[in-house]
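S.K.: Following this message is one structure expressed as structure tokens.
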Amino acid sequence: MEQTNKAHRQSGERNTAKKKLHQGGHNAKAFAFNAPMKLQRAAMRTNDVNEKKLHVPMVDRTPDQDPPPVIVAVVGPPGTGKTTLIKSLIKRLAKTNLNDINGPVTLVSGKRRRLTIIEVGNDLNSMVDAAKIADLVLLMIDGNFGLEMETMEFLNVAQHHGMPRMLGVCTHLDLFKSQSTLRSSKKRLKTRFWTEVYQGAKLFYLSGVINGRYPDREILNLTRFISVMKFRPLKWRNEHPYMLADRVTDLTHPTLIEQNPNCDRKIAIYGYLHGTPMAQANARVHIAGVGDYTVHSAERLPDPCPTPYYEQKLEEIEREAAKAAAAAGEAVVKTKTRRKRLEDKQRIIYAPMSDVGGVLVDRDAVYIDMGETESFVPGEERGFGEKLVTGLQEVTKSMEEMFDEGPGLRLFSESKELGSKTLAPEDSDDEAGLLSELESEEEEEDDVARVNTGRTSMRQARVVGKPLNEEEDNDMDSDDFNDEEEESRAKTEVVDFGGQEELAYASDSDLGDDDFVGAATRLRGSAQRKWNLSKLIYTEGLEPGEALRKWKQEEEEEEENIEDDEDDFFQKKETAASNADLDTFVPFFDDLQTLKEKFTTEAIEALKSRFFAVSKKPSGEASDDEIFGDFEDLETGESKKETSSSDSDADSNADSDDFADFDAEEKKEEEEEEEEEVDQTLTVDEKRALNAKKKEKLRLQFEAEQGDTFGEDEGEYDTWYELQKAKMAKQLEINKAEFEAMDGSTRERIEGILAGSYVRLVFNDVPPEFIENFNPKYPVVIGGLLATEERFGYLNVRIRRHRWHKKILKSNDPLILSLGWRRFQTLPVYTTSDSRTRNRMLKYTPEHAYCTATLYGPLVSPNTTFCGFQVVANSDTTGSFRVAATGIVEDLNSSVEIVKKLKLVGYPYKVYKNTAFIKDMFSTSLEVAKFEGASIKTVSGVRGEIKRALSKPEGHYRATFEDKILLSDIVMLRTWYPVAVKKFYNPVSSLLLSDKADWKGMRLTGAIRAANAIATPSNPNSAYGKIERAERRFNPLRVPKAIQSDLPFKSQISAMKPQKKQSYMAKRAVVLGGDEKKARELLQKVATVRKLKDEKRKAKKGEKFQEKLKKMAKMADIRTEKEKERKKEFFAKEGKKRSMGSSEGNSEAFGKKRRAY
């Protein structure tokens, strides 16, 4: 008999792959699964894995040519090695040592990839801002402690702001002495990290620090992994432009700062643009930690940290040219060999706020590390240059004061000195020429500087309940006027200087005052200007004839009275300021009669003369005559018409009318229906085929109108997901092709500044605290706002208290929300829906469930997630978890109705059968009138209804009940009281503080009392006391005799008649004497003492019995353990004996074989 189980030793002959395929006549490749259920489970698992990979199809708006740098945020608790990791990465990628890291550091990591590395401090505001913009997060974890509180807070914040890619970096592993402990700690950390992030998240281990940096091999592995990572666009960032500031500059004039240090500043912020394109002018943005602002000017600058992609493109072009030359037989120019690695000169680093190359850009100055070189010392100058530098350092007066006190300003050597007195305006402007204009402009600037003295105190938050347009009126009046004046003025452009003599300029010494004035006058009138035709056409108040004369540069007619025009222009228009909310605004329209009088036939004809008639052509380019139609020559007065006019042109013009001809369309449809009448002689199959053909035609027509080509591409794509991705890619290619056909300025004006550009944003009226307290270690995030996000209103959100937050949340308690780009404090009201009939207010949030909340704040699109905090200041932070709540925006509601329960209590003072008079429930008759017909109820359960108010006692009313009530009853009225959500919005302005991590918003009264050690005032009426109710005694039930006789036998009342004679027991009653009474009392006391002794003895006996039971249970456990050991030893010994004595198949282990007869 052959052995069926596996051999103890493997045979020397190895099974090859070919032999394994056909073992025992079975082909393993022919049948993948033997069991059907196993095949089904494998197929289900494959489908689950594929479905988990799918996401909602989203357009990737990141440009392919020049993508923005990848923002890498290094997050972790203090002391986990964040700075050391950043220095190691910079040394690996840029071959540079940075001693002081301040602000973002941008460096080239590959041919087409750049990294912007920022260090996120232990501040909740910084962590929230970093979670909104970071593409990759390096989560620093101390191997000795594991995931700390700050790490868990950042993970929960990031999960509700898009969840960027996460990489765990475990440090301080060199402190483990035992390798087994190190392995177990790594396994435990990986399991915990996978639980919090996702299954399979990458976790890197850094063993130790060598020469102030982590080992090169470990950093190399980390950088290689970062360089090949792919980033999926997140929804919020894919809809908004945003920027991480890497440099901030103050552009305010020094004279204004010297006159008023608290004046508003004009600043410029530099950085790379991310997300969607930003509008070139008047873009609304939110500076996190500062507030909402309008971009004064946006300018695209040269890239300070370019990638080697363009150089690689040039090399490819040279290589193609060399191949073409070699094919033509020409001399081949030697080209550079393509390098796979970056050269040292291509490893560019850009960190303007760090000490790159010994240069440090600070808020006040630029510091250069001179090494051992001595600096300039006043009084010990070695030359004229050093004296000039030390003299500039000792300047104590401004240029204006030096100009007033000094001898004056001399432009030329022979000209007069110009002082403050000589710059007074003169009557005639012709003699002064250019100098008068320059002087007038300087005086206007000086006047503005003297008037605008800035603010003298800290800026205040936005007043709640006041519309935005009223707040911005005072600040934007002058700016709006200047903008309107510039827009209304037609733009001009210089064409040439044809027909003018060339100007011969003399030297400064030969040119006097008169010569200068004449030359300037000739220069000013030498340029011929050509008006912009489009501006002239759409300029209001300009006649067509006058516009044509301006465009042809003919002599204009006599000017009208300018003073009257200026008086009319500067008159203030009487416009009613609309303070109503846009959501509740009801538009006002004129009545029908007014509209008929306004839009008469003459008015419509006059309106048509203001527009050009453009012919609509399906294809091809039309000439100017075809585009603009007939026109009249204003010089000759002749009317020029098209010679090739025909009836077809007239028909086309009729068809191009904006108003549809419904009668013609109906006739056309009737004709089509008549043509498509079904022949009655057709068979059923032919009719079905004809109907199917019609349906297919309608379906194709509908898909062509809707742009759906699923039927055409059904064979190309397997799933709907792939089809949607293909549609998005196709539309993206169409958009790119359309924009690439435009020139750069037109594309930037239409599309905006593209992502990946290095831009300079200028802001006006920024609080001075932002510049004075600027700290580059805290990130400055600028996020673009959509049109809807500039409005304020009520938001309905679905919110839940975080499971790790210790306290439940209370309605109308201040809560700091991180919603969109903003961080603000508001007062939410928590509600729940009662059968979808009303929104009932909740005093507290549910324990482990979602609830609805209504709050006031900036509007955002629905399905936007957010998180809430109660405190963000580090001084108020305890060891507890700071993320208080998480939720999602459901809808935007301008009119929300929230109610809460209200129980009114009254007392009857007169009762007449089923009617009673109630008092102490209302105070006036008007209140009673509002509740007429309402249902009321007594504590005993008798229901009633409010009838009418009484005339004499104010607030008393008459009510009816279903039964007679008592004077001692309490009457209750259950009703609903409306609750108004408070309009409170307090933006978190943490970047305006000197201590950025100590922003404190509105606090509760109890917190203020606790901080100032103020005792809570006690009101005796509000204190809880012991309720003492007098015991009520009810009269016995007395049934009249007339009713008793009519009662049935079962309900009859049986009562014994009182006995008139004394009973036997009363007669023989024993009255105890004195001695007998004392003896009975003594016996009773002895019995009581004996009973007490028996109870004590019984209790003590029970305690001893419990101890005995414990001993017995312990002995039973010991006996059981010994029995287990004995059985174990017995079976181990018996098993060895049987295995040694068994021959075939361990048969003797079960006894000897018996011979079968």
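The values are calculated or read from the model by the stated rules, or taken from the named source; none is laboratory data. Treat the numbers as computed from the prediction; the structure is a model and nothing was measured. Here Cβ is always computed from backbone atoms with ideal geometry, including for glycine, and neighbour counts include all displayed protein chains. The accessibility values were calculated without ligands, DNA or RNA, using every heavy atom of the protein model including side chains. Shrake-Rupley method; radii C 1.70, N 1.55, O 1.52, S 1.80 Å.
S.K.: Could you grab the Rg to Rh ratio for the range 786-896? Cα atoms only, Kirkwood for Rh.
M.R.: 0.96
S.K.: Also: With every protein chain present, what accessible area does residue 1043 have (1.4 Å probe, heavy atoms only), rounded to the nearest 10 Å²?
M.R.: 90 Å²
S.K.: Rank by packing, highest mean first: peptides 838-848, 291-301, 224-234, with packing defined as the count of other Cβ atoms within 10 Å averaged across residues.
M.R.: Highest-to-lowest ranking by the protection proxy: 291-301, 838-848, 224-234.
S.K.: For a quick check: with amide H placed at 1.01 Å from N, whose amide H comes under 5 Å from residue 96's, ignoring anything fewer than 5 positions away on the same chain?
M.R.: HN-HN under 5 Å from residue 96: 91.
S.K.: List the trypsin sites (Lys or Arg not before Pro) in the range 1009-1101 that DSSP assigns to loop (not H, G, I, E or B) and whose Cβ has at most 12 other Cβ atoms within 10 Å. Which are they?
M.R.: 1026, 1029, 1032, 1033, 1038, 1050, 1060, 1061, 1068
S.K.: Applying 1/(1 + (r/R0)^6) with R0 = 30 Å to the Cβ-Cβ distance of residue 1091 and residue 1068, what FRET efficiency is obtained, to the nearest 0.05?
M.R.: 0.45
S.K.: Would you mind calculating the relative contact order of the range 786-896 from Cα pairs under 8 angstrom and at least 6 residues apart, reporting the percent as a whole number?
M.R.: Across the range 786-896, relative contact order equals 40 percent.
S.K.: State, to one decimal in nm, how far the label point of residue 747 lies from the label point of residue 850, with both points 7 Å from Cα in the Cβ direction.
M.R.: Modelled inter-label distance: 4.3 nm.
S.K.: Using θ = phi - 60° and the Karplus relation 6.51 cos²θ - 1.76 cosθ + 1.60, list the HN-Hα couplings for the range 834-847 in order, rounded to whole Hz, with x at every Gly or Pro.
M.R.: For the range 834-847, the Karplus-derived couplings read 8, 6, 6, 9, 8, 9, 8, 6, 10, 6, 10, 6, x, 6 Hz, x marking Gly and Pro.
S.K.: Considering the zone a paramagnetic label at residue 897 would reach in this model (a point 7 Å from Cα along the Cα-to-Cβ line), which residues of the range 958-994 have amide N under 15 Å from it?
M.R.: Label zone hits: 976-981.
S.K.: Next question. As an exercise, use a Förster radius of 41 Å and the Cβ-Cβ distance of residue 235 and residue 591 to find the FRET efficiency, rounded to the nearest 0.05.
M.R.: My answer for the efficiency is 0.30.
S.K.: Next question. Would you pull out the residues with amide H under 5 Å of residue 114's amide H, same chain only if 5 or more places away, H placed 1.01 Å from N?
M.R.: 70, 109
S.K.: Write down the Å³ per residue value for the convex hull defined by the alpha carbon atoms of the range 70-227.
M.R.: Spread over its residues, the Cα hull of the range 70-227 gives 111 Å³ apiece.
S.K.: Sort 597, 1076 by heavy-atom solvent-accessible area, probe 1.4 angstrom, most to least.
M.R.: 597, 1076
S.K.: Describe numerically, in nm with one decimal, the distance between label points set 7 Å from Cα along Cα→Cβ at residue 874 and at residue 1120.
M.R.: 5.7 nm
S.K.: Rounded to the nearest whole Å², what accessible area per residue is found for the range 70-227 with the 1.4 Å probe?
M.R.: Computed with neighbouring chains in place, this is 38 Å² per residue.
S.K.: What is the calculated FRET efficiency for residue 343 to residue 301, with r their C-beta to C-beta distance and R₀ = 22 Å, to the nearest 0.05?
M.R.: Efficiency computed from Cβ-Cβ geometry: 0.35.
S.K.: Express in nm, to one decimal, how much length is gained between residue 1098 and residue 1113 on full extension, taking 0.36 nm for each residue of separation and deducting their alpha carbon distance.
M.R.: The span from residue 1098 to residue 1113 would gain 3.2 nm if fully extended.
S.K.: Under the √(5λ) rule applied to the eigenvalues of the Cα gyration tensor, what semi-axes describe the equivalent ellipsoid of the range 246-317? Give them in Å, descending.
M.R.: 34, 17, 10
S.K.: How large is ³J(HN,Hα), in whole Hz, for each residue of the range 274-287 in order, when computed from phi with the Karplus curve 6.51 cos²θ - 1.76 cosθ + 1.60 and θ = phi - 60°, using x for Gly and Pro?
M.R.: So the Karplus estimates, Gly and Pro as x, are 10, x, 8, x, 9, 4, 6, 9, 6, 7, 8, 9, 10, 8 Hz.
S.K.: I would also like to ask the following. By how many nm would the segment from residue 190 to residue 691 grow when fully extended, if each residue of separation counts as 0.36 nm and the alpha-carbon distance is taken off?
M.R.: Once the chain is fully extended between residue 190 and residue 691, it gains 174.0 nm.
S.K.: Using modelled amide H (1.01 Å from N, peptide plane; none on Pro or chain starts), what sits under 5 Å from the amide H of residue 102, excluding residues fewer than 5 places away?
M.R.: Under 5 Å from the amide H of residue 102: 354, 355.
S.K.: Based on the mean of other beta carbon atoms within 10 Å per residue, what is the order of 817-823, 920-926, 874-880, most packed first?
M.R.: Those peptides, ordered most packed to least, come out 817-823, 920-926, 874-880.
S.K.: Along the range 1083-1092, what does the Karplus equation 6.51 cos²θ - 1.76 cosθ + 1.60 (θ = phi - 60°) give for ³J(HN,Hα), rounded to whole Hz, x for Gly and Pro?
M.R.: Rounded to whole hertz, the list is 4, 5, 5, 5, 5, 5, 5, 5, 5, 5.
S.K.: Going by average Cβ neighbours within 10 Å, how do the peptides 1116-1127, 174-185, 87-98 rank, with the highest at the top?
M.R.: Per-residue mean Cβ counts within 10 Å order the peptides as 87-98, 174-185, 1116-1127.
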